[in-house]
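Q: Once you've had a glance at the structure underneath, I'll fire off some questions.
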Amino acid sequence: MTMTIKKTSEFVDLSVEDRLKFTYEKFGNDLVVTSSFQSQSVPLLHLISKHIPKVPVIFLDTGFHFPETIAFKDQLVKQFGLNVIEITNKMGHGTFKQEYGQLYKKDPDQCCYINKVEPLERALSDYKAWMTGIRSDQTEQRKKADYIQQLDNGITKICPMLDWTNHDVWTYVHINELPEHPLLEKGYLSVGCAPCTQPSEDGDARSGRWKGQGKNECGLHNKLGKDS
Ligand code: SF4
């Protein structure tokens with residue numbers, strides 16, 4: 001059955017489970033999900049495994065992840081039976097490090113562009129719809145997001161978790177007895193690349209990301225699809 005999302009309000013009234021099914025019924029094999037495989041990613045990954053298990057999940061392998069993140073990803077892939085696609089920058093990690101060294105210190109926006117934004121833009125060219133687990137309560141930028149957005153590159157971006165809170169995430173994790181990222185107990189409430197992530201000191205999950213660099217988004221949710 002072909003379904004059409006006529007307006008965001010129709011989508012808002014659905015449960016997250018039904019948002020996933022609704023999206024899959026509309027886009028089928030043209031749908032892909034992205035995940036950073038941290039603790040807060042677990043509810044969406046678990047729901048995907050239960051309701052739309054065939055949908056591929058992209059993991060952006062930047063070459064700078066904590067070994068704990070790679071191990072946690074592998075654990076979740078096995079436990080949930082996820083269909084994961086790993087993508088990297090065009091030049092490969094070794095060449096990037098040779099050519100750019102510690103670019104994350106000098107120009108983190110360019111580093112994120114080369115290792116995250118461009119690879120995802122390239123991967124998304126094979127699909128029509130992109131589902132992501134971002135939530136409104138994470139950053140000021142994400143407060144402006146909508147459940148369904150038409151990007152300039154022709155991709156439909158779907159954010160089924162937008163109205164979930166941090167509390168909702170942890171309630172879901174605990175009720176379903178799901179695993180937590182191993183760095184959580186060391187104070188890493190949000191986990192990105194190792195050089196750009198520190199433990200959160202004020203309880204704000206995003207405060208440990210790019211600390212002191214005036215940046216709190218990698219570009220996937222504020223640049224991708226906006227300039228093509
Ligand atoms: S988070 Fe840091 S290391 Fe990772 S791609 Fe961005 S700037 Fe580079």
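Q: Stretch Lys211-Ile175 to full length: gain in nm at 0.36 nm per residue minus the Cα-Cα span?
A: Numbers: separation 36, 0.36 × 36 = 12.96 nm, distance 3.22 nm.
Taking 0.36 nm per residue and subtracting the Cα distance, the gain is 9.7 nm.
Q: What do you get for Rg/Rh over segment 102-217 if you use C-alpha atoms and the Kirkwood form of Rh? Mind showing how you got there, number by number?
A: On the way: Rg = 15.7 Å, Rh = 16.0 Å.
Taking Rh as the inverse mean 1/r over Cα pairs, Rg/Rh reads 0.98.
Q: Among 113-123, 135-145, 29-39, 165-175, what's the highest-first ranking by average C-beta atoms within 10 angstrom per residue?
A: On the way: 113-123: 19.3, 135-145: 16.1, 29-39: 21.3, 165-175: 13.9.
The densest-packed peptide leads the list: 29-39, 113-123, 135-145, 165-175.
Q: Counting each DSSP H run of 4 or more residues in the chain as -39500 (n - 2.57), what helix-only mean residue ellipticity at 222 nm follows after dividing by all residues, to the nearest 500 deg cm²/dmol?
A: Values: 10 runs with 79 residues, N = 228.
Rounded to the nearest 500, it is -9000 deg cm²/dmol.
Q: Next up: Non-local amide H neighbours of His65 (under 5 Å, H modeled in plane, Pro and chain starts lacking H): which ones?
A: Result for His65 returns Ala194.
Q: If you don't mind, another one. At what distance in nm do the modelled label points of Gln75 and Asn222 sit from each other, each positioned 7 Å from its Cα along Cα→Cβ?
A: So the two model labels end up 3.1 nm from each other.
Q: Moving to a separate point now. Mind jotting down the three principal axis lengths of the chain based on Cα atoms? Whole angstrom, largest first.
A: Principal-axis extents of the Cα atoms in the chain, largest first: 51, 40, 33 Å.
Q: Starting from the 7 Å offset along Cα-to-Cβ, what nm value, one decimal, do you get for the label separation of Asn153 and Ile87?
A: A separation of 0.7 nm, rounded to one decimal place.
Q: Could I ask something else about it? Could you give the length gained on full extension between Glu201 and Lys21, defined as 0.36 nm per residue of separation minus the Cα-Cα distance, in nm?
A: Working: separation 180, 0.36 × 180 = 64.80 nm, distance 3.79 nm.
Here the answer is 61.0 nm.
Q: Next up: Which of the peptides 14-23, 155-164, 53-62 is most tightly packed, and how do the rest follow, judged by the mean count of other Cβ atoms within 10 Å per residue?
A: Numbers: 14-23: 17.3, 155-164: 21.6, 53-62: 18.9.
Result, highest mean first: 155-164, 53-62, 14-23.
Q: Can you tell me which aspartates and glutamates have their Cα less than 13 Å from the Cα of Lys97? Leave out same-chain residues fewer than eight positions away.
A: By straight Cα distance, Lys97 reaches no aspartates and glutamates at all.
Q: Roughly what would the spin-label model give for Asp30 and Lys186, points 7 Å off Cα along C-beta, in nm?
A: 4.3 nm
No lab work stands behind these numbers, since they all come straight from the coordinates. Being a predicted model, the structure only gives us computed values, none of them experimental. Quick reminder, even Gly has a Cβ in these numbers, built from the backbone with ideal geometry, and neighbours come from all protein chains shown.
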